[in-house]
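Here's the structure we're looking at; comments come further down.
The values are calculated or read from the model by the stated rules, or taken from the named source; none is laboratory data. This structure is a prediction, so every number in the text was calculated from the model and none was measured. Backbone-built Cβ (ideal geometry, glycine too); neighbour counts: all protein chains shown.
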Ligand SMILES: [Zn+2]
């Protein structure tokens, strides 16, 4: 086989890039109550009338009991660390849609009101994070809040 | 095969242009609870509750691909058998019936939901086209429909007036349907005067968009169905068929996939003369010409005779075979939900509970769902009381 024949058999493999934007508008409906509370610097959760579980994000029914959740419970400003991990890869910034590196570990917090939610920790040294440690919400300035999950900038450890 | 499959409950939301005050979960919850209330079925683990859940949704409308993963709990998809259909809701009925016929489960809850208002429908349907070549041309489902309408009306001499009559009928029927979105007192002249959307389709001849809403159905095995309700409606046949995606591979003037899907359903149901057999049809016409073309595929008339069929008056309320007593998609239904809602409408009719839109004494009905460009996917469900 000549070099020329070989060239014919191997086409140039092509890949197309299709960057596109899909603009969405999501109605929050019943969750608007939660979003409005965030704007005011408060965290509230829906509560199941059967098992008493509080849920964030607010759920229309208790996932366990399929009962409509109509009661809202204030969750306070503090919670205890359930779990944490340091992110060593770039993640999406939901406000910009851009990939970026995150200094702050992602954490799961159990709030004073009993609901669990996710967020970022102000403490960037993972070795200083201990399960059960007390944390407090640090908010964006009021004028920057939009009722979104990242209205809480991060959770900072509190001395006990 | 374990007996028949019965429809024991149906529910639908009011269909509206934009449900700005409701989260998608609320739409799903409302119809889910309504069918559970009708049957008394709950999510119990002792074998007396709902065995399985099955949703039909377009995640692309809900936001991220995989949106159902965080919405499934609303329909009870929690530590329970759950499946999902990504295309038209009629397929969920098809699939749910098969789950029951397999003997694997006795009751299945079906839910279909869509908020078209979340994102541009054209954009989503553009994404539905072949990503390398057709998107580059800009083809979407509307332009595909334009090509089909042009080919169909040219090949068979279907007139603009005949297509416009479909719109007039839909709106007139929708006036009797409290769930329908639009019911304008529109005339053939109004339709023909409306702006050209995609030659030869005019704005009034296209399904309005956006439309938000949801639908739910509970299916049960024959034995269970008889215990749950004294007015079960039986699924007697179902068939579906996929056509080529590339429009050039088909003759768009004919709908071979629908003919095949219908034949499969009719064979199962033992139906040989659909025009005579059915008391009503609820079909998915996103564009006026489609009611005529789909009528041919469903065997209500011969090829190219859809125009004559509407002229005959047979498909009007009071005719031999009223098509879309509910007003159909032209009166405003979200894609995906439409097919399941067509089945639900047939059930309401066969239970004699259709109020002002009731076809008196309806015994047998056919529902039809569609998806993809120019009716690429077709699904037919036959029902009787
Ligand atoms: Zn509960």
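For segment B:189-220, filtering for residues that are buried (at least 24 other Cβ atoms within 10 Å of the Cβ) and either modelled with pLDDT under 95 or within 19 Å of the chain's Cα centre (by Cα) (or both) leaves 11. Among the conditions (1) surrounded by fewer than 24 Cβ atoms within 10 Å (Cβ to Cβ); (2) within 14 Å of another protein chain (Cβ to nearest Cβ); (3) over 28 Å from residue A:22 (Cβ atoms), residue B:109 misses just one, which is (1). In the condition set (1) in contact with a strand residue (DSSP E or B) (Cβ under 7 Å, 6 or more places away or on another chain); (2) over 15 Å from residue B:380 (Cβ atoms), residue B:340 is compliant with all but (2). Only residues that are surrounded by fewer than 18 Cβ atoms within 10 Å (Cβ to Cβ), away from every other protein chain (no Cβ under 14 Å) and either within 14 Å of the ligand (Cβ to nearest atom) or farther than 25 Å from residue A:106 by Cβ (or both) were counted across segment A:41-72, and they come to 4.
Name the single residue that is surrounded by the most Cβ atoms within 10 Å (Cβ to Cβ) among those in segment B:25-45 being touching a helix residue (DSSP H, G or I) at 6+ places or on another chain (Cβ under 8 Å) and within 9 Å of another protein chain (Cβ to nearest Cβ).
Within segment B:25-45, the first condition is being touching a helix residue (DSSP H, G or I) at 6+ places or on another chain (Cβ under 8 Å), and the residues that meet it are B:25-26, B:28-29, B:32, B:39-42.
Filter once more, keeping what is within 9 Å of another protein chain (Cβ to nearest Cβ): B:25-26, B:28-29, B:32, B:42.
Values: B:25: 22, B:26: 19, B:28: 26, B:29: 25, B:32: 28, B:42: 12.
Step by step, filter segment B:25-45, then rank; the result is B:32.
Within the set A:19, A:23, the sole residue that is under 26 Å from residue B:116 (Cα atoms), more than 12 Å from chain B (Cβ to nearest Cβ), part of a loop (DSSP other than H, G, I, E, B) and more than 16 Å from the ligand (Cβ to nearest atom) turns out to be A:19.
I'd like to check something: does segment A:73-89 contain any residue that is away from chain B (no Cβ under 14 Å), within 16 Å of the ligand (Cβ to nearest atom) and in a strand (DSSP E or B)? The answer is yes, given that some residue of segment A:73-89 is away from chain B (no Cβ under 14 Å), within 16 Å of the ligand (Cβ to nearest atom) and in a strand (DSSP E or B). The single condition among (1) farther than 30 Å from residue B:134 by Cα; (2) under 16 Å from the mean Cα position of the chain (by Cα); (3) more than 14 Å from every other protein chain (Cβ to nearest Cβ) that residue A:35 does not meet is (3).
Is there a residue in segment A:26-38 that is assigned to a loop (DSSP other than H, G, I, E, B), within 16 Å of the ligand (Cβ to nearest atom) and surrounded by 11 or more Cβ atoms within 10 Å (Cβ to Cβ)? Even if it seems obvious, please write down each step before you answer.
Our first condition is that a residue be assigned to a loop (DSSP other than H, G, I, E, B); within segment A:26-38, this holds for A:26-28.
So of that shortlist, the ones also within 16 Å of the ligand (Cβ to nearest atom) come out as none.
There is no residue in segment A:26-38 that is assigned to a loop (DSSP other than H, G, I, E, B), within 16 Å of the ligand (Cβ to nearest atom) and surrounded by 11 or more Cβ atoms within 10 Å (Cβ to Cβ).
For segment A:7-15, check the following and say yes or no: at least one residue is in a loop (DSSP other than H, G, I, E, B), within 16 Å of the ligand (Cβ to nearest atom) and more than 30 Å from residue B:127 (Cβ to Cβ). So far as segment A:7-15 goes, no, none of its residues is in a loop (DSSP other than H, G, I, E, B), within 16 Å of the ligand (Cβ to nearest atom) and more than 30 Å from residue B:127 (Cβ to Cβ).
Residue B:22 meets each of the listed conditions (1) out of contact with any strand residue (DSSP E or B) (no Cβ under 6 Å at 6 or more places or on another chain); (2) surrounded by 20 or more Cβ atoms within 10 Å (Cβ to Cβ); (3) within 10 Å of chain A (Cβ to nearest Cβ); (4) within 27 Å of residue B:234 (Cβ to Cβ) apart from (4). Within segment A:53-73, the set of residues being touching a residue at least 60 places away in the same chain (Cβ under 8 Å) and farther than 18 Å from residue A:119 by Cα comprises A:53 only.
Need a quick list: helices (runs of 4 or more DSSP H) entirely within segment B:90-158 having at least 3 residues that are in contact (Cβ under 8 Å) with a residue 12 or more places away in the chain.
Values: elements: B:121-127, B:134-137, B:141-156.
It comes to B:121-127, B:141-156.
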